[in-house]
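The values are calculated or read from the model by the stated rules, or taken from the named source; none is laboratory data. Please read these numbers as outputs of a predicted model, since none were measured by experiment. Please note: Cβ atoms are built from the backbone with ideal geometry, for glycine as well, and neighbour counts cover all protein chains shown.
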């Protein structure tokens, strides 16, 4: 698995896709102080070197004579997705192929929500990123006492928080409320970090420790489930997630970046937050419209995939889902094949394992409607 582990090392599709400075000046001349640091933090152009291509070919050859046919089929499928990733990571701009790559066979859907008054107390005062780091660090150590985990601060990124192999990364210029730190605990730690750590323990199926492009929608949908089940899916959060999805559809249909930004502001989001969300949607895309960065659709499309399976899932299925990095097809096969006997099952929070019977999830399922994009 060392060959497999090295295939994606050093490659970061999100860092590769950026924005055009001339276009930013045209559409957001009044917000230069907010987008300028993102351009200055741009990474050098990424190439897939010969060593990765040779390792890829060697792995493909090894799989011809793999002992376990079901496992071999899954690994061949992973290699196919990684080959697609190699192609996509070298492209500076998104196109129709990029969108299909990110959707990963999910149908593109419109999302609407009935008006609802969600219970949400007035948020607490905001704390510095360093204060949030300390709080989150304590939570990580409680959740994962047998692992070396930590929270670090970073700069030059759009995401306010993200997961590393052994912890969580917070953007150092962001201030967080106590409620936001609690939400990050269930979203980033329970799901993303938890499956990172669980995957490392899979001695008999070590490939579950490794990400591949199909993993994102599976995990982002489940991370939203975790937010909902624990009561962290409040009015503002629902507005953010649904508005981002709608704004992405607008961009695909030809709206330019300024129009998308104005739409987000009209939804009640703060101007700077709306700009950050707009730049996420147009990452690697021309700001004149007609394309969107497909990763931003995977949150709600992933949530939809979980909700349509709700009545067919039991606790054991969820323990399998949280055992490492996988997509929906891999999960279905692990549930139904002899490979499940090779899994070392984790011990995640019960609220996540039993989300299928959660009244909050059921309420959201009734309220949010998904419709296919024509």
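Somewhere in region 286-294, is a residue in contact with a helix residue (DSSP H, G or I) (Cβ under 8 Å, 6 or more places away or on another chain) and in a helix (DSSP H, G or I)? Outline the logic, then answer.
Applying the first criterion (in contact with a helix residue (DSSP H, G or I) (Cβ under 8 Å, 6 or more places away or on another chain)) to region 286-294 yields 286-294.
When the remaining residues are screened for being in a helix (DSSP H, G or I), the result is 294.
So far as region 286-294 goes, yes, one or more of its residues are in contact with a helix residue (DSSP H, G or I) (Cβ under 8 Å, 6 or more places away or on another chain) and in a helix (DSSP H, G or I).
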*Cβ-Cβ below 8 Å, separation at least six or inter-chain, first residue in region 138-159 and touching a residue at least 60 places away in the same chain (Cβ under 8 Å) and at positive phi, second part of a loop (DSSP other than H, G, I, E, B) and surrounded by 12 or more Cβ atoms within 10 Å (Cβ to Cβ): which pairs?*
156/41
*Only one of 313, 368 that is touching a helix residue (DSSP H, G or I) at 6+ places or on another chain (Cβ under 9 Å), over 25 Å from residue 143 (Cβ atoms) and in contact (Cβ under 8 Å) with a residue 12 or more places away in the chain*: 368
*asked:* I'd like to verify a number: residues in region 14-46 that are more than 19 Å from residue 277 (Cβ to Cβ) and modelled with pLDDT under 85, how many?
replied: 7
*Output the residues belonging to region 128-151 that are touching a helix residue (DSSP H, G or I) at 6+ places or on another chain (Cβ under 7 Å) and closer than 22 Å to residue 210 by Cα.*
140, 143, 144, 147, 149, 150, 151
_If residue 95 satisfies all but one of (1) touching a helix residue (DSSP H, G or I) at 6+ places or on another chain (Cβ under 9 Å); (2) modelled with pLDDT of 90 or more, what's the number of the condition it fails?_
(1)
*If we keep just the residues of region 260-282 that are part of a loop (DSSP other than H, G, I, E, B) and touching a helix residue (DSSP H, G or I) at 6+ places or on another chain (Cβ under 7 Å), which is surrounded by the most Cβ atoms within 10 Å (Cβ to Cβ)?*
282
*Filter result for residue 191 (buried (at least 21 other Cβ atoms within 10 Å of the Cβ) and in contact with a strand residue (DSSP E or B) (Cβ under 9 Å, 6 or more places away or on another chain))*: yes
*Can you tell me which residues in region 304-316 are under 27 Å from residue 347 (Cβ atoms) and assigned to a helix (DSSP H, G or I)?*
305, 306, 307, 310, 311, 312, 315, 316
*Within the group 125, 165, which residue is at pLDDT below 95 and over 22 Å from residue 211 (Cα atoms)?*
125
*Within region 1-99, which helices (runs of 4 or more DSSP H) (wholly inside it) include 2 or more residues that are within 25 Å of residue 248 (Cα to Cα)?*
13-16, 21-27, 32-40, 69-89
*Does residue 57 count as farther than 24 Å from residue 173 by Cα, loosely packed, with under 14 Cβ neighbours inside 10 Å and modelled with pLDDT of 90 or more?*
yes
_Selected residue [touching a strand residue (DSSP E or B) at 6+ places or on another chain (Cβ under 8 Å) and part of a helix (DSSP H, G or I)] from 319, 339, 301, 334_ = 301
*asked:* Among the residues that make up region 206-226, is at least one of them over 20 Å from the mean Cα position of the chain (by Cα) and either surrounded by 18 or more Cβ atoms within 10 Å (Cβ to Cβ) or under 20 Å from residue 353 (Cβ atoms) (or both)?
replied: no
*Would region 87-106 turn up any residue that is surrounded by 12 or more Cβ atoms within 10 Å (Cβ to Cβ) and within 30 Å of residue 359 (Cβ to Cβ)?*
yes
*Would a scan of region 162-169 turn up a residue that is in contact (Cβ under 8 Å) with a residue 40 or more places away in the chain and either more than 15 Å from residue 147 (Cα to Cα) or buried (at least 21 other Cβ atoms within 10 Å of the Cβ) (or both)?*
no
